[in-house]
Amino acid sequence: MSACLKCGLPAAMRMEYTMQDLCGGCFTAQFERRVAKTNRDFSLLRRGDIVAVGVSGGKDSAAMLYCLDKMAKRIGGITLKPILIDEGIEGYRNVAALKAQELCSQLGYTLQTFSYKELFSASMDEVMARRDELAQEGKEGFTPRISCTYCGVFRKQALNKAALGVGANKLAVGHNADDTAQTFMMNLMRSEPARNGPMGSAGGEEEPQEGFARRVKPLVYNLEIECALFCKLKNLPFHLGGCPYAGESFRGYVKDFLNGAEKNYPGTKFNLLHSFLEIQKGLNGGKSQKSAIAASREIPMAQCTRCGEKHSGRSTGGLCKACEFLTELQFA
Ligand code: SF4
Ligand code: ZN
């Protein structure tokens, strides 16, 4: 076995993209330093913040809650409120939620759960069953969409509602470097390069519009595989199973593609992440993200005529995207 590059102890893993061998202790310390760097680079947390931390029972959010807990104690004056969004996917989220519960108890937090069923009057299982029913009937004007298109819209709204519901001014989500590289690639492959501009790399909007919590992403400098390793080394509970609907997603395809590229060309994901950050600056016209966001705010937000949620105004009939989907699926 080779020796750890930093301390000389027996190495526990090899970081292929840097060709560094590290022991468990040096790896976890490096992981936490990257979270601290993300915090500095994007001004994520500060004293006085109430941060809703989105936990799912998975490895990314487990690593995030652990690191934020340490960081919050170090900085002081920060309150963390773990929240879980239950999509209503039997055999998946209900199992993962038990791990999230275990994690929160281990770290001394109370977990608050918000479900699609309560928020939108339909679980994801019901959404999928209704979609297939309507598609089979050949209902006129009905366009079936892939699972994650519905779920992504509902989750984004649910997370924001939950964050505001627990009185948070910030919402931390467990997006890692893989997720960012995938989103970047997906935007390019869909010919939507402008979406890489104001979407926010890790810090989101410094002063989000009224009705929105600022989304922060403390894990953007860490790979997904590193989150799993970190949880294992820190004995953090997490659920490994995948969503039964994930097979339909475009993200799943891009994820497999990038995993293959990373295997053959280590460093691909970080290269994409850095390209994204550079292109984002360019798309913002050399301006700071703050002024780019200010410019994007010249387009006024609309208020959903059904649920009152603020939205971009691009949906049809004055509805927010979630209500548009619920209406299509005849839940509203
Ligand atoms: Fe929702 Fe898609 Fe994720 Fe499943 S894979 S939880 S359907 S976004
Ligand atoms: Zn609505």
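The values are calculated or read from the model by the stated rules, or taken from the named source; none is laboratory data. These numbers come from a predicted model, not from an experiment. Here the Cβ positions follow ideal geometry from the backbone for every residue, glycine too, while neighbour counts run over all protein chains shown. Note: areas computed on protein heavy atoms with side chains; ligands, DNA, RNA excluded. Shrake-Rupley method; radii C 1.70, N 1.55, O 1.52, S 1.80 Å.
A few points about this structure:
- Pick from the range 15-35, criterion charged (D, E, K, R) and assigned to a helix (DSSP H, G or I), ranking: nearest to Ala63 (Cα to Cα): Glu32
- Counting the residues of the range 99-109 that are more than 16 Å from ligand 1 (Cβ to nearest atom), open to solvent by 50 Å² or more (accessible area, probe 1.4 Å) and assigned to a helix (DSSP H, G or I) gives 4.
- Number of the condition not met by Leu80 [criteria: (1) in a strand (DSSP E or B); (2) more than 18 Å from the chain's Cα centre (by Cα); (3) hydrophobic (A, V, I, L, M, F, W, C)]: (2)
- In the set (1) open to solvent by 20 Å² or more (accessible area, probe 1.4 Å); (2) at pLDDT below 95; (3) in a helix (DSSP H, G or I), Met199 fails one condition alone, (3).
- Close pairs from the range 220-244: first farther than 22 Å from Cys151 by Cβ, partner basic (Lys, Arg) and open to solvent by 50 Å² or more (accessible area, probe 1.4 Å), Cβ under 8 Å, at least 6 apart: Tyr221/Lys37; Pro237/Lys99
- Contacts under 9 angstrom Cβ, first residue in the range 38-54 being free of Cβ contacts under 8 Å to residues at least 60 places away in the same chain, partner hydrophobic (A, V, I, L, M, F, W, C) and surrounded by fewer than 19 Cβ atoms within 10 Å (Cβ to Cβ), 6 or more apart: Arg46/Ile75; Arg47/Ile75
- Some residue of the range 88-98 being surrounded by fewer than 22 Cβ atoms within 10 Å (Cβ to Cβ), more than 16 Å from ligand 1 (Cβ to nearest atom) and under 23 Å from Gly241 (Cβ atoms): yes
Rundown of residues vs (1) within 16 Å of ligand 2 (Cβ to nearest atom); (2) of a type outside the set (Gly, Ala, Ser); (3) over 22 Å from Lys232 (Cβ atoms), yes/no style:
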residue: Glu32; (1), (2), (3): no, yes, no
residue: Ser43; (1), (2), (3): no, no, yes
residue: Arg46; (1), (2), (3): no, yes, yes
residue: Ile50; (1), (2), (3): no, yes, yes
residue: Asp60; (1), (2), (3): no, yes, no
residue: Ala72; (1), (2), (3): no, no, yes
residue: Ile78; (1), (2), (3): no, yes, yes
residue: Leu84; (1), (2), (3): no, yes, no
residue: Ile89; (1), (2), (3): no, yes, yes
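- Residue under evaluation Gln136, criteria (1) over 27 Å from Tyr253 (Cβ atoms); (2) in a helix (DSSP H, G or I), criterion not met: (1)
- Scanning the range 146-158 for residues that are of a type in the set (A, V, I, L, M) and away from ligand 2 (no atom under 15 Å from the Cβ) gives a single hit, Ile146.
- Residues of the range 110-132 classified as open to solvent by less than 50 Å² (accessible area, probe 1.4 Å) and either part of a loop (DSSP other than H, G, I, E, B) or closer than 30 Å to Lys70 by Cα (or both), total: 5
- Within the range 16-30, residues that are in contact (Cβ under 8 Å) with a residue 60 or more places away in the chain sit with their Cβ atoms under 6 Å from residues that are part of a loop (DSSP other than H, G, I, E, B), at 6+ positions apart or across chains, in these pairs: Glu16/Pro266; Tyr17/Pro266; Tyr17/Gly267; Gly24/Ala12.
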